[in-house]
Every structure is written in structure tokens, then in C-alpha cells.
Amino acid sequence: MQTNISRRRENKNDSKGFALISVLLLLLILSGIAVALMYTVNTEQHLQRNDQGNGLAYYSAEAGMEKMMADLGDLYSTLASPTRAQIQAVACNPNVPCANQPSPAVLNGTTFSDYSINVPPGPGGAPLCNPSTVSSGPNKGLIASICPMTLNVTALRPGGEEVKMIRNVEIALIPVFQFGVFSSSDLSFFAGPQFDFSGRVQTNGNLFLASNPGPLTFHGQIRVVFDVVRDTLANGLAITTSGHTGAVYIPTSAGGCPLGGGSSNTCRAMLFTGPDEGSAFGGTLQPPGIPTAGGIANNNAPPSDWNTISTGPSTPPPPAGYNSFILSGSTGATALNLPFVGGNTQPIEIIRRPIAGEAVLTTTSRLYTKAQIRVLLSDDPTELKGGAADPDNVRLANVPVTVALGLPVPFAEESSAVDPDWTGAGYNGVASIGDPTNPTKNLIDGYLRVEYRDNTGNYNPVTRQWLALGFSRGQALPDSEHGVFNDGKAILLFQQLRDAAKPLPPLSVPPGKNDWYPINMYDQREGGFRDVNNGICRINGVMNLVDIDVGNLQAWLAAHPAVEGQTQNGYILYFSDRRGMLPDPLSTPVPNLKTGAYGFDDVVNEPISTGSPDGVWEQGEAQNSAGKVNNWGQNNLGEGFSTAGTPITPPDTPLPNCATARKNWVSGARHGVRLVNGTLGNLPIRPVPIPDLNDTGGFTLASENPAYIVANYNASDAAGFTNLSPHASAAVIADTVTLLSRQWSDQTSFAIPSNVDPTKGPARNAANDGWFRVAIASGKNQNFSWAKTAKLPGGNPVSSDFGTDGGVHNFLRFLENWGGRTLNYQGSMVSLYYSAYATGIFKCCATVYSPPTRAYAFDIDFQQLDHLPPGTPRFQDVVNLGFRQDFSNR
């Protein structure tokens, strides 16, 4: 028993030991689990902290990259052509305080061990830029000067986490003349006869497509920032009402459309019914289009099938698309704007003189700033550099200071004893600009300054030198191609010999002050308020011109190699004639500035059959300041023309004698510039050691006034547009541009002011074909709604295109009967702004002109950057090619 009891006690003790060991083992396991759990929790917390740090570093790097990108964009919106140093200053050394670098406090304590922009070096401190095509984004495929650069951001967290990001960027400088047609506002095609135009087409507004009977045929890609409208004209009139129901052919692939139109595997007609293939129907447009007269509300939603029509394949199943050859804003088209445009700064500033205190970008973008030669005219010498004390601010009148220069001939003065057609009463020209001591009645007046920029970038005055070359011509316009020459080497022509029918001095006697007329012409688009042949001329249409003899300009430049001509592929001549211009009481932000505007656009006046000014703002008026009535420019118009001693002021007042208007002083803002003697071989070209027929540079005229070009220009009857003779890369960038035949006569324009229809009497006729090889950028009038109530005198209805800007086929302006003649044009047509000096609305075809056979073509030279005209406006696009995170140092 004892033994058994002892054994039971021993077993019990053994059990207690085993239990103790078990408990200890369990405690050990639990401790291990606790330790493991604690270790795991700590590890997870550490990993979480690392992940959080890495995430913060990543997003900080991304934020830094976006800030750098935004600052880079801001730089290019401030400077037109920043240097490498200015670009690199957008980012800074991370060890030096920098205003542009992201603040660590803002980014939760992140610092940046690298925050920089790598800009490959080009010549002269400029970034390296190479001709190429835009490789990405909505402007893919456009030629541009591409400036590559790399953005680097490395973000470092306090815990040691580091993220490095790299972004590749292209700054694309996109020249506007690579487009066949470009418009910053609504664009219209509605030609009557067949109309073809090669090249790309883009508008920042709406595109209106029609023809009557046409067809209208496109041969390149079309980009429309707002809507494509197939069933309505830009004045809101349905094409079924206007009769513009001809075919419109759009390419569907790179093969394009055949000349003259017609469906093919690479081209088809865009329908306007069954179904309507536009992106907007019935005049319901996205802004800035013109709604119909019924006031249909704007429609911001495209038709449900527009995406397929615009971007879908051109092959079945239906509906067939245009394979992205025509895009609207809803399918990928984006606006292209000049870099300085924004706020109150409009594109027209590119042709105007600078304004004190304006932004640097605006000043540097102006063609005034880019020009190698400046020709400036003002009534007040204080508006010119150097003021009244500068001897190269020369007064164009027979005053003592001017006479002392010993110029070849005197300036024109009135004398009714020599010519009774001179007004002779009611005007003292000298007194009108502050010199009552000289009572002569000048036919030309104002102050002239001419200056050129040398190869060091400095401007040098040459006014007296140019006037010494001469400033007069005979009756005929100089034309060396057809044997008409100036008497001398005159570049700027201000006056012409009076009519040969009047007694002239013998050839051995130099002409006197009463033997000259000013160079005046009559522009019916400006003078006529409606398209009515009434034989009337009005003060509004009398334009005083300065003729530029292009051939003599070339000769002068060839003899003066100090004039800078290499940096911009040739020469830019900037012209600004502000004689007669009044301060604008509505100018902003500073009132009463001379801005370059005429100051009168009260020209629509639909309720009045004659179109006479009514002092009420209407749609289509106030071209660059909608909602304001601009009529202050009429206040000094008629001081040089009088009836019984009373000056003629209202622009619509008929002149009692058109011939008198041709011979008298133009007092108001009715001045322009005309290019003459510009035949093939006469245009200035870039000086090169060995002339290269395919790379000779060229010549651009920039003017804030209306410009006129006399045929032939940069082409000839014999050679046409062939490259057998050196041709220039040419452009005219002006308020408006009008093409004149080589038969144009200023005298005839006054003798037949309002008729171009030979069946209705004598007309202004173009007797020969014309040749023009020149890119043109200019203004046009605004579209406005067609109204059923608008009538012509006599009760006849206005034409169906009343209220339009005339369309692309009328963008090149004419003033003659071209019927039966061909106008050969090769270049690029660009509408950048609404005209502010020549404000007359579109009128055709009874009084202003009769259209030619239009042989228009895009100049394929402009597809090469080094063949573009000097001063070609360029859009800027900052293209993000994508970014990546660099793991190489991790």
C-alpha cells in the first residue's frame, strides 16, 4: 500500500513537473509569438513609413516637375526667344535659394538634390533648335523649329527616400505660312466657280463649307477648333436659300482629292442632307460663330455620329468617316495662337508700333521690333525717335529746314492758277500741324523717319539719304519688266507729275512746286457703303499712298551691306503712316492713344438702304472692340476738300468732283503703302557669298496701314512661277492687302469710281493676267447676320453673301474687272485679325470688282523652314513627350 501510495505521489509530482515544463514551454511560445508579433508590427510600421516616404518623394518630384513645366510655359509666354540662360534660370541650383524652386515647406519637408533643365547649346547663346516635325500632340505632323530639352527633378525626403524624374520636352516654333489657309476667326468657303487650294487648312473658329456651283475641293488636312458647318453660310443664311448647294470634296487619306474634285478612293463629297455631315446643324454654332437672324441659341454638343464622321475609317460599314482628315474641337483640333495674345492684347498688335510700358513679349513680337528697315510717318515729330530736334525727322513740305537739304525737287503745293482742279480754298496745310508762319497750301505734309538696323543691332537714320535719291515719279507706275522706269533711284515715292494735259515746263527746266500731284487713288470698297453703281465717290475712299519701288530698294540694299540681312532669312521693311490719325478716346487701358486704327467702322447699317452711318453699334462693326461705336476718325477727313470753303467731313458725303479728290491733300487717316516694280528678280534677297537659287531668303513688307501690290510681283509673264530665275521668299503682313493689275490707273479709279461691269459703261478693267508669288497675312471684316429687311437703294434685296467676310476666295482683295483674266497666285493666305484701318465691308460684284479666274496654289517652298519669308509669325507650343522615373541610382 505504501509503495502504491508512494508511487502515486511520485506520479503526481511527475505530473506537476511535466505541467510546469508545459507551462514554461507555452509561455516561451507565447513570448516568441509576442516577440514575432512585435517584430512584425515594427517591420510593417517601418515598411509603411518607407512606403509613405517613397510616396511623398514620388509625388513631391511629380509636383516639382509640374511646377517646372508651368514655369517654362510662363517663360515662353513672356519672352518670344529666350536664351539658354533664361530657360535654365527657370530651375536653379538646389544649394542656392531660388524663387522658382518648389518650397520644401509646401512639399512636406522635401528637398531637391536636382532641379534643372538641360538645354542643348545652339549658336550665340540660343538653345539648339532644328527643323523637324512636331512628333506628338494635336499639332503632330506640322513642320516647326524644334528645341529639345530635358527637365530633371530629384526629390529627397528626411528619411532618405529619393525619387528622380526625367521629362523630355519639345518647344515647337510653328510657322504660320506652312498653312495653305489659316484663320484666327471663323473661316468660310463658298466660291461660285470651281475652287481648289492645296495645303493644310486651320481655323480657330468655325468652318463654313459651301459652293455655287463649284465644286470646292480640299487637298490637305483640315483642323477646326469649333464647328464644321455644311448647311449654312457664315451670315446665318441656309445654303438651300442662297443657292450654294454645290459639292464639297474632302480627302480621306494621303492620296487626297483630284484637282477639280470628284469622288475617289481617297476623296469623297461631304453631304449637307441625308445626312448632314457637319458637326453643327441649321446655324446652331459654337462660339464665336454668328447665329441666324432668328437668334437660334448656340449648341455646344456635336451630333451623335460626328466622331465617326470625323475620325472613322473611310471604308464601309457606314457611316463612312474622313479618317481624321477633318477634325473639330470635339475630335482633337486645338487652337494655335501667337505667343503674346491674351487679355486685351490682340493679334493685330503684331503690325503696330510699340506702346510705352507694354509687356516685353508684346514688344519683342512686333514686326516693328524685328524689322531691318523702318519707314515711319507722323504729323507730330515728337512721335518719332529724336523728336523735332533730330535732322532725320524730315518734314515733307517746303519749309526752310527742308529746303536747306537741297532735295532734287520741291514738294507739291496747290496753285489754282496752274491747275483750277486744286481746291485752293478752306485749307491751310501748314497751319494744321502747328506752323502758322508759312501760309503755303501743301499737298503732302507730315514728318518722315527712315532708319535701318546694322549688323550690330543698332538703328541708323537714313531719311535724308533716301530723300536725296528722289521721291517723285511720272504718271505711269514703275515696271521694269515692261519698260517703265523711275527717273532716278527713288525708293519712297510721295508725288507724281501732274497730268500731261496740263502745261508742263520744258524738259530742260526742273519741275517746280506746282507741277506735282500727291499719289492718291480711289478704293471703292472703302468709299462705297453698298454695292451700287451710282458714279459717286466719297471722302472715305480717297486713299493717299506711298509707293515703294522694290527694284530700287533692292539696289540700295545691295550697295549697303551693313544692313542686317542674315539673321531672319532676308529683310523686313516696317511701314507705319499715322498722318491724319486721331487719338482713340476708347483705347484701353490708356485712353486717347493713337493705336494704328482708322477710328471709323460705322459701316454695316442694315436698316438704311444706302448704308449711311447711323451712329448705332451693330453686329459686324467695331472690328476689334465689339459693342463700341467708333466714328471719331471722321472728324478731320475732309479738310483738304471743300465746298464753298466748308470742309467735307461725313464719310458718306459725295464729293462734288472726283477728279479734285485725286489732286488734293488727304487730311485724315486715309493712308496706305503700295509695292511697285516688284517683278521677278527685283525683290531683295538675303546676301550670300554664292547665290543659291533655292535658298536666297527674301523680303517682307509689314504695315499697320492697308497695302496694295501691283502685278507682277516676285514672278513674271515669261517665267510665271518657275524657279529658273532667283525668286524671293516674299510676304506682306498688313491691315489689308489688295492686288492690282499692271494696268491699274489711279486716274481711272477716280474717273470710274463705282463700276466694274463693262456692260454698264466704262469700267476699271484688268487687261492682262496677273502673277503674284507672296504669302499674305492680313485682316478682314467680321461676319454679321443676313437680314431679310436689308435692301439696296431702289428696293432691291442685298446679295446672299451680304454679311459675310467674302470667304477665302475673296480674302485677296481686288478693285478691278478681272473678268476673262486669270490671277495666278502662289503663297499662303492667313487671316490673323480683323482689319482696323480699312474697315469697309465685303461688297461684290457690281462696283468694287469682278473676280478673275482664280489660279491659286500653296507655295510648297514654305514646307521648308529655311525657305520661309523673313518675319514669318510663329506659334509656340510646349510639347510634353512624356516623363519617366529613373531607378538607376536606387
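Rolling a 1.4 angstrom probe over the protein heavy atoms, how many square angstrom per residue are accessible across the range 548-682?
Here the residues of the range 548-682 average 32 Å² of exposed surface.
What does the extension gain come out to for Thr311 and Asp757, with contour length at 0.36 nm per residue minus their alpha carbon separation?
156.0 nm
By the gyration tensor of its Cα atoms, with a ≥ b ≥ c the square roots of the eigenvalues, what is the shape of the range 693-785: rounded for a/c under 1.5, prolate for a/b over b/c, or oblate?
oblate
Just to check I understand the Karplus step: with θ = phi - 60° and J = 6.51 cos²θ - 1.76 cosθ + 1.60, what whole-Hz values come out for the range 752-765, glycine and proline as x?
Couplings: 10, x, 9, 9, 10, 9, x, 6, 10, x, x, 9, 7, 10 Hz.
Going highest first, how would you order 169-181, 54-66 by mean Cβ packing within 10 Å?
The most tightly packed comes first, giving 169-181, 54-66.
When the accessible area of the range 162-242 is computed with all protein chains present and a 1.4 Å probe, what percentage of it is carbon and sulfur?
So the carbon and sulfur contribution to the accessible surface is 49 percent.
Within 10 Å, count the other beta carbons around each residue, average over each peptide in 308-315, 764-771, 443-450, and list them highest first.
443-450, 764-771, 308-315
Enter the Cα centre distance for the pair the range 526-593 and the range 246-264, rounded to the nearest angstrom.
Using only Cα atoms, the two centres lie 40 Å from each other.
Amide H to amide H under 5 Å from Tyr322: which residues, 5+ apart in sequence or cross-chain, H placed 1.01 Å off N in plane?
Result for Tyr322 returns Ser310, Thr311, Gly312.
Can you compute 3J(HN,Hα) from phi for each residue in the range 579-589, using the Karplus curve 6.51 cos²θ - 1.76 cosθ + 1.60 with θ = phi - 60°, rounded to whole Hz and x for Gly and Pro?
Running phi through 6.51 cos²θ - 1.76 cosθ + 1.60 with θ = phi - 60° gives 5, x, 6, 9, x, 8, x, 9, 5, 10, x Hz.
Would you work out the charge dipole size for the range 526-608 about its Cα centre, treating the Cβ of every Lys and Arg as +1 and the Cβ of every Asp and Glu as -1, and quote it to the nearest 20 debye?
Roughly 200 debye, rounded to the nearest 20.
The values are calculated or read from the model by the stated rules, or taken from the named source; none is laboratory data. Everything numeric in this text was worked out from a predicted model, so none of it was measured. Methodologically, a virtual Cβ is constructed for each residue, glycine included, from the backbone with ideal geometry; neighbour enumeration extends over all protein chains shown. For the accessible areas, the whole protein counts, side chains as well, though only heavy atoms, and no ligand, DNA or RNA atoms are used. Shrake-Rupley method; radii C 1.70, N 1.55, O 1.52, S 1.80 Å.
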